[in-house]
Amino acid sequence: LAKTTQPISMDSYEGQEVNITCSHNNIATNDYITWYQQFPSQGPRFIIQGYKTKVTNEVASLFIPADRKSSTLSLPRVSLSDTAVYYCLVAPMDSSYKLIFGSGTRLLVRP
Amino acid sequence: EPEVTQTPSHQVTQMGQEVILRCVPISNHLYFYWYRQILGQKVEFLVSFYNNEISEKSEIFDDQFSVERPDGSNFTLKIRSTKLEDSAMYFCASSTGPTSGNTIYFGEGSWLTVV
């Protein structure tokens, strides 16, 4: 499985756009990139998944450059309730479903 | 949105006691999982379960652990003789398919404290 590297923590203010970048230099051709969010004392929650270019849903956007060695989760206009840990995971689309979580990025949104 | 529900939300047990954590996966899901997270540490995979048998398990999931789907709706994790190091948040999860192409939904967790 490709190793991922993300910032340990980030600070932002309400209303700002937050971009969290994940590095996955040894991503394989059939790997997909998935982001999860986890609030304290709660289970991880799926945010978004993509393979290349840009994916957008009602919660976030995921930008993946052509070389796919990194990806950026973009959260538009964050609020205090977006304070959470964000995990970037890389795995083959056809792999068995054993998610390997890293340490994630702790996002703190300030008023 | 459908959700995975877990009970109890918090359980305190004495070392050596048996514990059963219960989960109701999303109704049309066929693949079930248990993960755990020790306080301040990473979320760790324990076991995946499909068609009434374990499909994959981690090194953590030793003989003290077992899983069962006793009826059409519940999925349980049993720890036979709890140890202090079993104290953690245990998350049940489910998905429609077995691969990373299928979104996996986690429950809110059961916080187990072994004293």
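The values are calculated or read from the model by the stated rules, or taken from the named source; none is laboratory data. Every value quoted in this text rests on a predicted model; they were computed, and no experiment measured them. Backbone-built Cβ (ideal geometry, glycine too); neighbour counts: all protein chains shown. Side chains are part of the model used for accessible areas, which takes the heavy atoms of the whole protein and leaves out ligands, DNA and RNA. Shrake-Rupley method; radii C 1.70, N 1.55, O 1.52, S 1.80 Å.
The conditions are (1) free of Cβ contacts under 8 Å to residues at least 24 places away in the same chain; (2) more than 23 Å from B:T99 (Cβ to Cβ); (3) not basic (K, R), and A:G50 fails exactly one of them. Which is it?
(2)
Could you tell me how many of the residues in the stretch A:1-58 are of a type in the set (S, T, N, Q), under 23 Å from B:G107 (Cα atoms) and surrounded by 15 or more Cβ atoms within 10 Å (Cβ to Cβ)?
Count: 5.
Which residues, taken from the stretch B:1-41, are among the polar types (S, T, N, Q), farther than 10 Å from B:W111 by Cα, more than 10 Å from chain A (Cβ to nearest Cβ) and open to solvent by 50 Å² or more (accessible area, probe 1.4 Å)?
Scanning the stretch B:1-41 gives B:T5, B:Q14, B:Q17, B:S27, B:N28.
Under 7 Å by Cβ, and 6 or more places apart or on different chains, what pairs join a residue from the stretch A:100-111 that is surrounded by fewer than 20 Cβ atoms within 10 Å (Cβ to Cβ) with one that is of a type in the set (A, V, I, L, M) and not in a loop (DSSP other than H, G, I, E, B)?
What qualifies is A:I100/A:L89; A:R106/A:V85; A:P111/A:L80.
Tell me whether the stretch B:49-58 contains one or more residues that are part of a loop (DSSP other than H, G, I, E, B) and over 20 Å from A:A91 (Cα atoms).
yes
So, in the stretch B:61-107, exactly how many residues are over 19 Å from B:T13 (Cβ atoms) and either within 13 Å of another protein chain (Cβ to nearest Cβ) or in contact (Cβ under 8 Å) with a residue 12 or more places away in the chain (or both)?
The number of residues fulfilling the criteria is 19.
If you take the residues of the stretch A:83-99 that are open to solvent by 40 Å² or more (accessible area, probe 1.4 Å) and in contact (Cβ under 8 Å) with a residue 12 or more places away in the chain, which of them is farthest from the other protein chains (Cβ to nearest Cβ)?
Looking at the filtered set, the residue picked out is A:T83.
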